[in-house]
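The values are calculated or read from the model by the stated rules, or taken from the named source; none is laboratory data. Treat the numbers as computed from the prediction; the structure is a model and nothing was measured. Please note: Cβ atoms are built from the backbone with ideal geometry, for glycine as well, and neighbour counts cover all protein chains shown.
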Amino acid sequence: MINSITEEFPVVSGHLSLDLVNTEVVRRGGRHDLLITSEDLIHWVETMRRTGSLVPSVLPEGYDSPEALRTLRSVRDFLRGNFEEIADGGNPAGDLKDRLEEWMERSPFSYRMIGSSLVPVPKGHPADALASLVAFDALRLLAAGDLQTLHRCANPDCVLLFIDASGRRKWCSMRICGNRAKVARHQSLKGNKTRMDEGKADE
């Protein structure tokens with residue numbers, strides 16, 4: 001696995017739990033983990049703040065500790081296995097709901113009005129705060145039935161997942177994979193035309 005903290009996080013889902021799973025990507029033919037250090041974790045939280053998926057002010061001091069990072073990566077691994085199984089038409093693990101509830105119980109919530117929104121505020125151990133919020137998001141998706149509309153990107157070399165109830169979306173994003181497919185298709189058509197022109201010239 002290739003490790004780096006230099007690349008931006010892909011944000012293609014609008015859901016905290018899915019965006020966590022999507023911190024593993026494919027680069028240059030290898031699996032690439034974007035969540036390796038505490039600095040990566042801080043960067044990811046800031047990215048989630050910019051997209052509106054997370055309010056960092058509710059996180060306690062110490063949310064970015066090495067212990068918190070290990071816990072969050074464990075949650076990510078568990079969710080990836082289940083989300084990929086669902087996206088492939090299978091069923092999630094029988095203990096999915098129970099495991100998510102256990103992570104939430106380690107850092108249960110109070111609530112705070114921030115602007116016009118009611119925001120959950122983790123109150124347990126700081127190392128469990130982010131994991132609890134991610135588990136809460138995944139449990140909401142499960143309860144709403146939204147996980148049944150999970151899809152893989154149509155690019156076979158991409159591991160990103162997204163939710164699409166319409167069934168029309170193919171790519172994780174046009175910017176990441178859609179444009180690459182268009183360029184590859186254009187180059188293929190251009191190559192075919194060149195070969196046809198060369199064949200005519202030889203006649």
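Please find, among ALA135, ALA127, ALA143, the residue that is small (Gly, Ala, Ser), in a helix (DSSP H, G or I) and within 16 Å of VAL21 (Cα to Cα).
On the way: ALA127 fails: within 16 Å of VAL21 (Cα to Cα); ALA143 fails: within 16 Å of VAL21 (Cα to Cα).
None of the others qualify; the one that does is ALA135.
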Answer yes if at least one residue in region 47-69 is loosely packed, with under 15 Cβ neighbours inside 10 Å, hydrophobic (A, V, I, L, M, F, W, C), farther than 22 Å from LEU141 by Cβ and assigned by TED's automatic domain parsing to the domain that holds VAL119, and no otherwise. no
The lone exception for ASP98 - which of (1) in a helix (DSSP H, G or I); (2) surrounded by 15 or more Cβ atoms within 10 Å (Cβ to Cβ) it fails: (2)
Here the residues within region 104-120 that are among the polar types (S, T, N, Q) and more than 15 Å from ALA135 (Cα to Cα) are SER110, SER116, SER117
Pairs returned, first residue in region 111-123 that is over 23 Å from GLY62 (Cα atoms), second residue that is assigned to a loop (DSSP other than H, G, I, E, B), beta-carbon separation under 7 angstrom, 6 or more apart or interchain, are none
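Quick one: in region 106-124, which of the residues that are touching a Gly at 6+ places or on another chain (Cβ under 7 Å) and not basic (Lys, Arg) is surrounded by the fewest Cβ atoms within 10 Å (Cβ to Cβ)? Walk me through it before giving the result.
Initial filter on region 106-124 (touching a Gly at 6+ places or on another chain (Cβ under 7 Å)): 106-108.
Next cut, not basic (Lys, Arg) only: 107-108.
Working: SER107: 25, PRO108: 14.
Across region 106-124, the extreme among qualifying residues is PRO108.
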Pick from ASP157, ASP197: which is assigned by TED's automatic domain parsing to the domain that holds GLU8, modelled with pLDDT under 95, surrounded by fewer than 17 Cβ atoms within 10 Å (Cβ to Cβ) and not in a strand (DSSP E or B)? ASP157
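Which residue, of ALA143, ALA131, ALA127, ALA135, is surrounded by fewer than 19 Cβ atoms within 10 Å (Cβ to Cβ) and of a type in the set (A, V, I, L, M)? Outline the logic, then answer.
Numbers: ALA131 fails: surrounded by fewer than 19 Cβ atoms within 10 Å (Cβ to Cβ); ALA127 fails: surrounded by fewer than 19 Cβ atoms within 10 Å (Cβ to Cβ); ALA135 fails: surrounded by fewer than 19 Cβ atoms within 10 Å (Cβ to Cβ).
Of the residues listed, the single one that is surrounded by fewer than 19 Cβ atoms within 10 Å (Cβ to Cβ) and of a type in the set (A, V, I, L, M) is ALA143.
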